[in-house]
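One structure below.
The values are calculated or read from the model by the stated rules, or taken from the named source; none is laboratory data. What you see is a predicted model, and the numbers here were worked out from it, not measured in a lab. In this analysis, Cβ positions are derived from the backbone assuming ideal geometry, glycine residues included, and neighbour counts consider all displayed protein chains.
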Protein chains: 2
Amino acid sequence: MAIRYELIKECKQSGARLGKIHTPHGVIETPIFMPVGTQATVKAMTPEELKDIEAQIILSNTYHLYLRPGHELIKKAGGLHKFMNWDKPILTDSGGFQVFSLGDLRKITEEGVEFRSHLDGSKHFISPEKAVEIQTALGSDIMMAFDECPPYPADYDYVKKSLERTTRWAKRCKEAHTNTEKQGLFGIIQGGMFEDLRRQSAEELLELDFPGYAVGGLSVGEPKPIMYEVLEYTAPLMPKDKPRYLMGVGSPDALIEGVIRGIDMFDCVLPTRIGRNGTAMTSQGKVVIKNASNTESFEPLDPECGCYTCKTYTKAYLRHLFKANEILGLRLMTLHNLHFLIKMMEEVRQAIREDRLLDYRKSFFEKYGYDL
Amino acid sequence: MAIRYELIKECKQSGARLGKIHTPHGVIETPIFMPVGTQATVKAMTPEELKDIEAQIILSNTYHLYLRPGHELIKKAGGLHKFMNWDKPILTDSGGFQVFSLGDLRKITEEGVEFRSHLDGSKHFISPEKAVEIQTALGSDIMMAFDECPPYPADYDYVKKSLERTTRWAKRCKEAHTNTEKQGLFGIIQGGMFEDLRRQSAEELLELDFPGYAVGGLSVGEPKPIMYEVLEYTAPLMPKDKPRYLMGVGSPDALIEGVIRGIDMFDCVLPTRIGRNGTAMTSQGKVVIKNASNTESFEPLDPECGCYTCKTYTKAYLRHLFKANEILGLRLMTLHNLHFLIKMMEEVRQAIREDRLLDYRKSFFEKYGYDL
């Protein structure tokens, strides 16, 4: 079996889980934030820099890699790890979320999804079997079942039909998945913002006995309190002895709230994307580097941060790089934001270890502020 | 005295010079190629990466830094070295070349040049005294006198008047330059493509006894054989005991030809600019990475190269990064091209040491090809 979860302990104060995920490319400590490398590169970073900031696993996107450079090419290159020079674990999504996001460009049937490429308009078809085929070619440690992710808001009947299709697709994915010794396949629980539908989805998928489960269909536009409510009733439906992954979530508050509700894994483009737009996550909250107030600030971005950016450069220099559209600015801000979330999750793990995660949350948000 | 040149030997085969330049921030081995960091950053690179590829000195642009972020800000930051985290030597140009390149946006008088910013159209005036003031604030090890760089072609009378003004401006720069212990000021020999005018310019400037001299007004559109001809009669006019700098030249062939004609220092945006456009300089000549022929090439960019890019990634991966507009592609190609020129100059120095630079030129161009 490719993927094995080891529960180390639960936080006595919060119930949050401390664990390890054993994968073919090494062990991941959870709870974990996974940087996103959509196109076989975490934007602006080298793999060595990711290791320096102690990234343990990255996510890459099946939809993008299927279109460009193509999964067959990556297979010929020896797989995604070798292609991009990353020898630690990789998780690939199923392509479902991206394909559904195409809106008018896609058509869903029971067989799968027909869509047009956002790059050149060419026609493609991804079925559950195809999603597994692509991810098998990529060689990710963790692959995701092809699911349907309903928008928010969506009505009860639509969500119910959708989750039932997701179950049928999950079965087809499981049947198509043969490389089980080297790649684990996770199921994705859907059900929108409806408790009984989440329960139905979880029950149906648990029968398929995947080595891990994700909560899909969240962070799709719903207010955060609704997301937390869904997590509160969904996480307890998930097996205790398997990893639990909340897809597409990366704000510091949502990570901490997710962990408290029993989640082990998170991914999001947020830290890299806002970094490239000049916004830093810091121990004092967000810093918009282009603000005039930083013009003559010869202080680090975050005085409590030990990353290369903060140890080496001033806000005045970073502001200059962004005003001058210099690539180094994108690099330094991306590095800082990823380091910030990875470091925060390390602190979260330590707080669980010491049964004080609720205290940690309080002190963190007193300084950082809280985004709703 | 801030700058001192030490002639180690001349190549018995070619006459090329092997030397050292002693500066307040360390010793530079010559002949040398200087990467350009226009806006207080060598595009896409960190200072540590520049050191890894053994860059010994970088160039930064007075015009750009004067406009953004402003030399006063950099002075407050503790100077350019500290601002950008580069503790090795820095050479700054005088801003003259950039200002003259503005065309209709500038007006030249005896006092100096009035121009409009390419950023926001605001009006500015740079005189020789102002150019020295800005470079003093930046704190570069080597500053350049404010000169007028005639276009190519330009007629005899224009070039003669222009070089004479450049001499008058050089005198004013020298008088304005007071920080002589920590910063050296180089004169720039002009005179276009006219031997007697080059001689006149050199004689006038040598009287001012600068610690180093540049050949300006080349690589401005003239054919390379003309540039080499000008170098052949200009370099011998320059003092043997001072560094000789050919401004704005960075193609491998022109570097080697320049060294053979007695030049010690070169700078150019070429390796970084073509790198960001996806063209690599390699031991086998130029490689345009986006070419379809690289689609399934799982070989390094340059099989003879030991840089991080070539040791780590395939052409197929680099091509993917460029096709997908990924920043990492710009980084890896920039790194490779700078490494290539720096390594080449190291080989050039070794060839001089061993009195075989003409042999080196021959074998280099048999593989690389020769751009005219």
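So which helices (runs of 4 or more DSSP H) are wholly in the stretch A:178-282 and hold at least 2 residues that are modelled with pLDDT of 95 or more and aromatic (Phe, Trp, Tyr)? Give the steps one after another, and end with the answer.
Values: elements: A:195-206, A:224-234, A:252-260, A:270-276.
Fully inside the stretch A:178-282 and qualifying: A:224-234.
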Going through the stretch A:189-238 one residue at a time, which ones are basic (Lys, Arg) and either crowded, with 23+ Cβ neighbours inside 10 Å or under 17 Å from A:Trp169 (Cα atoms) (or both)?
A:Arg198
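So that you can scan it fast, the table gives a plain yes or no per residue for (1) in contact (Cβ under 8 Å) with a residue 40 or more places away in the chain; (2) within 11 Å of chain B (Cβ to nearest Cβ); (3) not in a helix (DSSP H, G or I):
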residue: A:Val287; (1), (2), (3): no, no, yes
residue: A:Lys290; (1), (2), (3): no, no, yes
residue: A:Glu304; (1), (2), (3): no, no, yes
residue: A:Leu321; (1), (2), (3): no, yes, no
residue: A:Gly329; (1), (2), (3): yes, yes, no
residue: A:Leu335; (1), (2), (3): yes, yes, no
residue: A:Phe340; (1), (2), (3): yes, no, no
Residues that are surrounded by fewer than 19 Cβ atoms within 10 Å (Cβ to Cβ), assigned to a helix (DSSP H, G or I) and hydrophobic (A, V, I, L, M, F, W, C), drawn from the stretch B:345-372
B:Leu358, B:Phe365
Filter the stretch B:279-309 for residues that are surrounded by 15 or more Cβ atoms within 10 Å (Cβ to Cβ) and among the acidic types (Asp, Glu); which is nearest to the chain's Cα centre (by Cα)?
B:Asp302
Could you please let me know if A:Pro151 is modelled with pLDDT under 95 and surrounded by fewer than 17 Cβ atoms within 10 Å (Cβ to Cβ)?
yes
Condition check: under 29 Å from B:Arg244 (Cβ atoms) and over 18 Å from the mean Cα position of the chain (by Cα). Does B:His64 satisfy that?
no
If you scan the stretch A:30-86, which residues turn out to be in contact with a Gly (Cβ under 8 Å, 6 or more places away or on another chain) and charged (D, E, K, R)?
A:Lys43, A:Lys75
List the strands (runs of 3 or more DSSP E) inside the stretch A:1-89, counting only whole elements, that have at least 1 residues being of a type in the set (D, E, K, R) and on the phi < 0 side of the Ramachandran plot.
A:4-10, A:17-23, A:26-30
Kindly provide the set of residues from the stretch A:90-109 that are free of Cβ contacts under 8 Å to residues at least 40 places away in the same chain and either part of a helix (DSSP H, G or I) or within 14 Å of chain B (Cβ to nearest Cβ) (or both), ordered by number.
A:Gln98, A:Val99, A:Gly103, A:Asp104, A:Leu105
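Let's see how each residue does on (1) modelled with pLDDT of 95 or more; (2) surrounded by fewer than 24 Cβ atoms within 10 Å (Cβ to Cβ):
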| position | (1), (2) |
| --- | --- |
| A:Lys12 | yes, yes |
| A:Gly15 | yes, yes |
| A:Ile32 | yes, no |
| A:Asp52 | yes, yes |
| A:Thr62 | yes, no |
| A:Ala77 | yes, yes |
| A:Ser101 | no, yes |
| A:Arg106 | no, yes |
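Under 15 Å from A:Ile142 (Cβ atoms) and not aliphatic (A, V, I, L, M): does that describe A:Lys76? Break it down stepwise before answering.
Numbers: under 15 Å from A:Ile142 (Cβ atoms): no; not aliphatic (A, V, I, L, M): yes.
Against the criterion (under 15 Å from A:Ile142 (Cβ atoms) and not aliphatic (A, V, I, L, M)), A:Lys76 does not qualify.
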Any chance A:Val269 is more than 13 Å from every other protein chain (Cβ to nearest Cβ), aliphatic (A, V, I, L, M) and either in contact with a His (Cβ under 7 Å, 6 or more places away or on another chain) or exposed (fewer than 15 other Cβ atoms within 10 Å of the Cβ) (or both):
no
Applying the selection to the stretch B:306-319, what residues are of a type in the set (Ser, Thr, Tyr), part of a helix (DSSP H, G or I) and either over 19 Å from B:Arg273 (Cα atoms) or touching a residue at least 60 places away in the same chain (Cβ under 8 Å) (or both)?
B:Tyr308, B:Thr312, B:Tyr317
Return the pair list, or none, for Cβ contacts closer than 6 Å from residues in the stretch B:63-79 that are facing chain A (nearest Cβ under 9 Å) and free of Cβ contacts under 8 Å to residues at least 60 places away in the same chain to residues that are of a type in the set (Phe, Trp, Tyr) and crowded, with 20+ Cβ neighbours inside 10 Å, at least 6 apart or on different chains.
B:Ala77/B:Phe83
Name the residue that is farthest from the other protein chains (Cβ to nearest Cβ), counting only residues in the stretch A:1-53 that are among the small types (Gly, Ala, Ser) and over 17 Å from the mean Cα position of the chain (by Cα).
A:Gly15
Here are some conditions: (1) touching a strand residue (DSSP E or B) at 6+ places or on another chain (Cβ under 8 Å); (2) of a type outside the set (Asp, Glu); (3) not in a helix (DSSP H, G or I). B:Leu119 meets all but one. Which one does it not meet?
(1)
Return yes or no: is B:Tyr368 of a type outside the set (D, E, K, R) and within 22 Å of B:Pro223 (Cβ to Cβ)?
yes
